[in-house]
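S.K.: What follows is a single structure, and I will ask about it in a moment.
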Amino acid sequence: MSKHIVVLGATGHIGTHLTHLLLERGHRVTAVARASQRLSTLEAAGAHLQAGSLEDTDFLTSVLGAADAAFLMLPPNPGAPDNLAYQAAVGESIAAAVRAAGLRQAVNLSSIGADLTAGTGPILGVHYQEQRLNAIENLDVVHLRPAYFMENLLAGIGLIQGMGINGSAARPDVRLPMIATRDIAAYAARVLDDGVPAGKSEQLLLGPRDYTNQEATAILGQAIGRPELPYVQFPYHQARQGMLGAGLSGSMADLYIEMTQSLNEGRIMQQQERTPANTTPTTLEEFAKQIFAPAFHGASQPVAS
């Protein structure tokens with residue numbers, strides 16, 4: 001049965017995939033994001049557009065008012081002067097709009113580690129958002145808790161091209177589950193298509209298996225023709241300076257360092273029990289060939305004058 005489904009953050013990796021999947025299933029989709037060419041592209045695919053800010057509660061209430069279900073998320077804002085305050089402002093606006101609009105079904109993008117109350121860096125923001133949505137009495141909601149996005153590895157392209165290494169402050173041998181965002185979108189589409197189960201629930205999404213940073217770097221290197229590409233662990237202060245140089249705010253950089261420390265010390269993303277329900281299909285090898293290598297070689301091309 002066709003539904004009217006609202007997708008927040010529709011121009012992001014997950015939102016774009018999800019919008020197309022829902023349209024293919026015959027649903028009416030309202031794509032919500034700030035105005036951009038990427039939003040206009042979704043209109044060409046058949047989505048109805050609503051450009052605006054998620055901090056505008058009245059705007060969101062009007063958008064959600066006619067919806068049968070929605071995909072909810074806190075869009076990243078790495079330049080925010082106080083990232084947790086930004087997440088709280090957006091999260092409170094979304095929750096208020098959901099309540100005022102009387103929305104009955106939602107899939108909410110959360111994160112692995114959202115069950116923890118400290119030491120998780122930016123994940124703490126989605127922990128609080130789960131609580132806000134769980135407090136809405138008549139809302140059925142599934143909180144998706146995906147692992148580390150494979151797309152995050154794209155941020156290393158400049159480092160690989162400039163210095164011939166991949167690296168971060170995370171230990172080379174620390175194991176973490178990695179997931180392709182298209183698999184998160186596919187899971188969300190199935191839930192929205194089938195109907196959100198009654199009540200409040202959480203669903204881990206762990207990708208195909210766990211990878212060490214050293215192993216992931218070798219896979220990326222193989223895909224771009226640099227099989228000997230090394231992984232280098234940076235001191236925390238050096239990693240923070242690199243993030244500031246890349247345009248992140250001091251607040252965001254500090255949160256990432258806190259999260260990485262917890263990861264290195266085994267406090268988050270520890271071995272999770274895998275089941276058919278939380279294991280997704282796209283391997284890092286597939287991601288490296290299909291997404292990372294084209295992005296790497298595309299970024300290598302000289303700009304025409």
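Read-outs: derived from the displayed coordinates by stated rules, not from any lab. All values reported here derive from a predicted model rather than from experimental measurement. All Cβ positions, glycine included, derive from the backbone under ideal geometry; neighbour counts span all protein chains shown.
S.K.: Where does each of 71, 296 land when they are ranked from fewest to most other beta-carbon atoms within 10 angstrom?
M.R.: In increasing order of surrounding Cβ atoms, one gets 296, 71.
S.K.: Under the rule of -39500 (n - 2.57) per DSSP H run of 4 or more residues, summed and divided by the residues of the chain, what mean residue ellipticity at 222 nm is obtained, to the nearest 500 deg cm²/dmol?
M.R.: Taken over the chain, the calculation gives -12500 deg cm²/dmol.
S.K.: Sticking with this structure for a sec: When a footprinting reagent is the concern and you count Cβ atoms within 10 Å, what order do 236, 86 take, fewest first?
M.R.: Ranking 236, 86 by Cβ neighbours within 10 Å, fewest first, gives 236, 86.
S.K.: Please label the shape of segment 93-144 as rounded, prolate or oblate, based on the square roots a ≥ b ≥ c of the eigenvalues of the alpha-carbon gyration tensor (a/c under 1.5 means rounded; beyond that, a/b larger than b/c means prolate, else oblate).
M.R.: prolate
S.K.: I would also like to ask the following. Please report 280, 117 as a ranked list, fewest other C-beta atoms within 10 angstrom at the top and most at the bottom.
M.R.: If I rank by nearby Cβ atoms, fewest first, I get 117, 280.
S.K.: Relative contact order of segment 173-305: what whole-number percent is it, with Cα pairs under 8 angstrom and at least 6 residues apart?
M.R.: Relative contact order comes out at 39 percent.
S.K.: Between segment 233-272 and segment 114-188, what is the C-alpha centre distance in whole Å?
M.R.: Their Cα centres are 13 Å away from one another.
S.K.: Also, I was wondering about something else. Sorted by average packing, counted as other Cβ atoms within 10 angstrom per residue and highest first, what order do 96-103, 39-46 take?
M.R.: Highest to lowest by the protection proxy: 96-103, 39-46.
S.K.: Another one. Within the set of other residues whose C-beta is less than 11 Å from the C-beta of residue 115, count the net charge using Lys and Arg as +1 and Asp and Glu as -1.
M.R.: Here the count lands on -1.
S.K.: Name the shape class, rounded, prolate or oblate, that the alpha-carbon gyration tensor gives for segment 100-208, where a ≥ b ≥ c are the square roots of its eigenvalues, rounded holds for a/c under 1.5, and otherwise prolate holds if a/b is larger than b/c and oblate otherwise.
M.R.: Prolate.
S.K.: Around residue 28, with a cut-off of 12 angstrom between Cβ atoms, what is the net charge of the other residues, counting Lys and Arg +1 and Asp and Glu -1?
M.R.: Once all neighbours under 12 Å are counted, the net charge is +1.
S.K.: Would you please give the FRET efficiency between residue 135 and residue 238, computed as 1/(1 + (r/R0)^6) with r the Cβ-Cβ distance and R0 = 41 Å, to the nearest 0.05?
M.R.: Using R0 = 41 Å, I get an efficiency of 0.50.
S.K.: For the chain, give me the percentage of DSSP beta bridges that are antiparallel, rounded to the nearest 5 percent.
M.R.: Taking every DSSP beta bridge within the chain, about 10 percent pair in antiparallel fashion.
S.K.: Work out, step by step, the length gained on full extension between residue 77 and residue 49: first 0.36 nm times the residue separation, then minus their alpha carbon distance; give nm to one decimal.
M.R.: 7.9 nm
S.K.: Counting Lys and Arg as +1 and Asp and Glu as -1, what is the net charge of the other residues whose Cβ lies under 12 Å from the Cβ of residue 249?
M.R.: Every neighbour counted, the sum reads -1.
S.K.: How far apart, in nm, are two points set 7 Å out from the Cα along the Cα-to-Cβ line at residue 152 and at residue 84?
M.R.: Here the answer is 1.8 nm between the modelled labels.
S.K.: To continue, here is another question. Taking 8 Å as the Cα distance limit and 6 or more residues as the minimum spacing, I'd like the relative contact order of segment 86-219 as a percentage.
M.R.: Relative contact order for segment 86-219 comes out at 29 percent.
S.K.: Would segment 190-293 count as rounded, prolate or oblate if I go by the C-alpha gyration tensor, calling it rounded below 1.5 in a/c and otherwise prolate when a/b exceeds b/c, oblate otherwise?
M.R.: Verdict is oblate for segment 190-293.
S.K.: Shifting gears a bit: Tell me the trypsin sites (Lys or Arg not before Pro) within segment 188-237 that lie in a loop according to DSSP and have at most 10 other beta-carbon atoms within 10 Å.
M.R.: Listed in order of number, the matching sites amount to none.
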